[in-house]
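These notes concern the structure reproduced below.
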Amino acid sequence: MAVQIAFPRQHIVFDTVLEEFVGDIAWLWIPFILFLLLANVVTLSITLRPLRLAAEEASQIEPSSMTNRLTEGRMPNDVLALVRSVNGALDRLQIGFLAMDQFAGHLAHELRTPLAIAKARVALLPHSAARDIEADFVGMERVITQLVDRVRVGTIHYEAQDLVDLGELSSTVARFMAPMVVQAGRRLELDTPDTPVVVAGAYDYLFRALRNLIENAIRHSPPGGLVSLDVFKAGISVKDQGCGFAASRLEGDQLMTEQGDRAEGLGLGLKIVSETMIAHNGRLLLSNRDKRGACATMMFGALS
């Protein structure tokens, strides 16, 4: 028995045209589609390039570079409003940092002036107890100075062209600290290299950081003890002949959590130095000497 199946003529024509299209023309669409995909990828990459640059600029903004802003040029219109809002927020933050710095300066003046007057009056008293009170005033003045420095250290700003010669800095600080060293009955020596050691940084903040290290060494050195100030190609080290740092102080993050620099006090001095060095892409290294004493090193990460 034979079975015949009939199809409409239009179906046969359609199938024939489709077969010819696939065999002769459709393969031309494959490279065209690939080209479209590649064009979309390139276009998307070019469009997002300003966003990647803005992300890199944002990652580099720190308290030491508060004047930096995100680039608004060639930014897509849909994102430009967001970038401008971020720059506006940075402007307000900078104003806040400057206001805090000014407040710290006013606070220092308001507190130091009455302290200086009180110290002068106590110095005129003949009683021996007046000397103890005078020493207490000196301690109060040091704490006030450290509190002000602690506020200011969060607003450190310097440019790449702000260069500091560590040898010259150390000499200046040594001369500044000489009266205190003599009054405390200690000795101070300075060793600097023949060639300049230059870093990019904020001179005043590095001055105060080094001063804090020397003050710490003087307080913990025995009478007649020697405080050594050494400048080398990677930074500055301050060594003393005191009791050294506690073991917990030398471990990891204990620098920012311990209460005292060694055995007493608020521990503000080393915290100020540590944060100052972090702002200068460096770090503060603490160690104990082999025989007796401590060593605090201001290590700079990028020397010029």
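For this structure, a couple of remarks:
- In nm, spacing of pseudo-spin labels at ASN281 and LEU124 (7 Å Cα→C-beta vector): 5.4
- Cut-off 15 Å between beta-carbons: net charge of the residues surrounding PRO223, Lys and Arg +1, Asp and Glu -1: +3
- Computed log₁₀ I(q)/I(0) - Debye formula, equal Cα scatterers, no solvent, the range 123-239, q 0.22 Å⁻¹: -1.29
- Scalar couplings 3J(HN,Hα) for the range 170-186, obtained by applying the Karplus form with A = 6.51, B = -1.76, C = 1.60 to θ = phi - 60°, are 5, 5, 5, 5, 4, 5, 5, 8, 4, x, 5, 5, 5, 5, 7, x, 10 Hz; x denotes Gly and Pro.
- Each residue, PHE32 and ILE95, gets one label point 7 Å from its Cα in the Cβ direction; the gap between the two is 5.8 nm.
- In summary, the convex hull built on the alpha carbon positions of the range 77-155 has an orientation-averaged projected area of 5.3 nm².
Every number here is computed from the coordinates shown, using simple stated rules; none is lab data. Nothing here was measured: the structure is a model prediction, and the numbers come from that model. Quick reminder, even Gly has a Cβ in these numbers, built from the backbone with ideal geometry, and neighbours come from all protein chains shown.
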